[in-house]
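Asker: After the structure tokens below, expect a handful of questions from me.
The values are calculated or read from the model by the stated rules, or taken from the named source; none is laboratory data. Note that the coordinates shown come from a computational prediction; the quantities given were computed from them, not determined experimentally. Reconstructed Cβ throughout: ideal geometry from the backbone, glycine too, with neighbour counts over all protein chains shown. Only protein heavy atoms, including side chains, enter the accessible area calculation; ligands, DNA and RNA are left aside. Shrake-Rupley method; radii C 1.70, N 1.55, O 1.52, S 1.80 Å.
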Amino acid sequence: LGGFECSSHRRRDGRRLDLLASTGHDRLAAQDYELLSQLGIRAVRDGLRWHLIERTPGDYEWDSFLPMLRAADTAGTRVIWDLCHYGWPDDLDIWSPAFIARFARFAAAAASVVMNESEHVPVYCPVNEMSFWAWAGGEVGRFNPCDHGRGAELKRQLVRATIAAIDAIRSVDPRARFITAEPLIHVEAGLDEEEHVRRAHAYRQIQFEALDILFGGMEPELGGAPQYLDIIGLNYYPDNQWYHDGPTIPMGHHAYRSLHEMLGEAHMRYRRPLLIAETGAEGSGRTAWLHYVCSEVHTALDAGVPIEGICLYPIADYPGWENERICRVGLLSALDAEGRRTVCPRLARELRHQQALLAGVQANNAAPAPSLAAE
């Protein structure tokens, strides 16, 4: 899959970001989907911008979304739609019960639009990266709601909103499927002291907290239950492993944990199919990173871990959140002066290679087992 950056949060300085607009994807969705289709990518993650759709409470304007939805249908591209990617309407207080109620109504309205426009079974990510958002927005004040020391509280608010949105969508379209998009991390102690080891382990376990609550295995009073956990989407990047209170662990270091082991742990914990919902690297690391991730996915598949896909994210270069530096992470470039994108040739070659390998794995898995009598 290819994932289009669709963050729409407010920075600490109050500026609203809109990555679908700043990358031009909102205007050129048809072109982008067609280009990816030519590269063998016919499924994507993309997003709705709630703050544009519901400018007035309860009044929905779909002009920012319908062209993208129709472009995907025309191109034959299947989409996982993010409903809330860090942003919400300005009149709402994210800490209030009204946030949950409004989000559920918005989710139901969006599901109705999608159902009326497309015959395909829809797939949604209700709230993107609840755990990261809780840390960035509620614990360290990096972006909205720009609070400190309230990360645990924000995470639970986002889980409540996710549950309410899933219920609302299913009331409109019972066929709907859902993914999470939660960070997959590893944290090493770095020191042998018992307290340091204990704290590193506890921090690593926090990565599962939102999913545990959603599943109902933790704090069931919040409303979680097994039916709210469908496909486990996991986001994994080169800096997702580090020493507790220390630096990032580089790939190849003896303390670096294999990705296939981490995927296996997630599957054993929830017994759900997995999706690598985001992965990618910047600059010269793009090709090697895709090679590594796909190799680890092969190993996980061989061990019986059900992995439904790998989403290159972001699929197009984008301006950085803080300084608008063009982050060269994508298979597709940023728009040139004439409004066109180019394709990263090295990454495209590696992509073709990995697509062929994975197609072989799928063919082998689909083939009937050989008869012992014939041997």
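Asker: Would you be able to tell me the number of residues in segment 279-294 that are closer than 26 Å to PHE178 by Cα and either open to solvent by less than 10 Å² (accessible area, probe 1.4 Å) or part of a helix (DSSP H, G or I) (or both)?
Answerer: Selection size over segment 279-294: 4.
Asker: Let me ask something additional. With ALA109, ALA71 as the choices, which residue is assigned to a helix (DSSP H, G or I) and either open to solvent by 20 Å² or more (accessible area, probe 1.4 Å) or within 15 Å of PRO57 (Cα to Cα) (or both)?
Answerer: Of the residues listed, the single one that is assigned to a helix (DSSP H, G or I) and either open to solvent by 20 Å² or more (accessible area, probe 1.4 Å) or within 15 Å of PRO57 (Cα to Cα) (or both) is ALA109.
Asker: Residues of segment 82-97 being open to solvent by less than 10 Å² (accessible area, probe 1.4 Å) and either without any contact (Cβ under 8 Å) to a residue 12 or more places away in the chain or of a type in the set (Phe, Trp, Tyr) (or both), which ones?
Answerer: TYR86
Asker: Applying the selection to segment 11-42, what residues are in contact (Cβ under 8 Å) with a residue 40 or more places away in the chain, in contact with a strand residue (DSSP E or B) (Cβ under 8 Å, 6 or more places away or on another chain), open to solvent by 40 Å² or more (accessible area, probe 1.4 Å) and of a type outside the set (Ser, Thr, Tyr)?
Answerer: Passing the criteria: ARG12, ARG16.
Asker: Let me ask something else about it. Count, please, the residues in segment 264-274 that happen to be in contact with a strand residue (DSSP E or B) (Cβ under 8 Å, 6 or more places away or on another chain) and either free of Cβ contacts under 8 Å to residues at least 60 places away in the same chain or open to solvent by 10 Å² or more (accessible area, probe 1.4 Å) (or both).
Answerer: 5
Asker: Look through segment 302-354, keep the residues that are acidic (Asp, Glu) and within 21 Å of the chain's Cα centre (by Cα), and return whichever of them is farthest from GLY2 (Cα to Cα).
Answerer: Only one residue fits best here, namely GLU322.
Asker: Within segment 171-205, can you find the residues that are small (Gly, Ala, Ser) and open to solvent by less than 20 Å² (accessible area, probe 1.4 Å)?
Answerer: ALA176, ALA181, ALA189, ALA200
Asker: Of everything in segment 248-263, what is open to solvent by 20 Å² or more (accessible area, probe 1.4 Å), in contact with an Asp or Glu (Cβ under 7 Å, 6 or more places away or on another chain) and either polar (S, T, N, Q) or in a loop (DSSP other than H, G, I, E, B) (or both)? Give them in sequence order.
Answerer: Our first condition is that a residue be open to solvent by 20 Å² or more (accessible area, probe 1.4 Å); within segment 248-263, this holds for 248, 250-254, 256-258, 260-261.
Narrowing the set further to residues that are in contact with an Asp or Glu (Cβ under 7 Å, 6 or more places away or on another chain) leaves 248, 258, 260.
Correct list: THR248, SER258.
Asker: To continue, here is another question. Taking the condition more than 26 Å from LEU19 (Cα to Cα), assigned to a loop (DSSP other than H, G, I, E, B) and of a type in the set (Asp, Glu), does ASP245 pass? Talk me through it step by step, then tell me what you get.
Answerer: Working: more than 26 Å from LEU19 (Cα to Cα): yes; assigned to a loop (DSSP other than H, G, I, E, B): yes; of a type in the set (Asp, Glu): yes.
Yes; evaluated as a whole, the condition is true for this residue.
Asker: I'd like the residue in segment 295-327 that is in a strand (DSSP E or B) and either free of Cβ contacts under 8 Å to residues at least 60 places away in the same chain or of a type in the set (Ser, Thr, Tyr) (or both) and, out of all such residues, is surrounded by the most Cβ atoms within 10 Å (Cβ to Cβ).
Answerer: Among them, the one singled out is TYR318.
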